[in-house]
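Below is one structure; the comments refer to it alone.
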């Protein structure tokens, strides 16, 4: 997923662009609770500064990811793939 661009939505709250690096970090759009990522068993897992898992997301048919925050507000999350060149 090196340098792939996504729109990160905290559903019903806000959204921001994110850029995933191939080394498991983010080039843009990160915050304290979303510093590191990995894919395990087909799921996208995102952890914070403290290494604690904050999101567990399943792939969607359109190339995005959906799931929930596991801490704080426990709100639904949607990460949508952005078309190339955006």
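What is the range 4-81's relative contact order, in percent, from Cα pairs under 8 angstrom and six or more apart in sequence? Walk me through the numbers before you get to the answer.
Working: 169 pairs, mean separation 19.8, N = 78.
The normalised contact order for the range 4-81 reaches 25 percent.
For residue 10 and residue 82, FRET efficiency with R0 = 22 Å and r from the beta-carbon atoms, rounded to 0.05?
Numbers: r = 17 Å, r/R0 = 0.77.
Calculated value: 0.85.
Sorting the segments 37-44, 17-24 by their mean number of nearby beta carbons within 10 angstrom, highest to lowest, gives 17-24, 37-44.
Taken together, the values in this text are just the output of simple stated rules run on the coordinates, not laboratory data. From a predicted model like this one, the values you see are computed outputs, not experimental measurements. Neighbour counts are summed over all protein chains in view; Cβ atoms, including those assigned to glycine, are modelled from backbone coordinates with ideal geometry.
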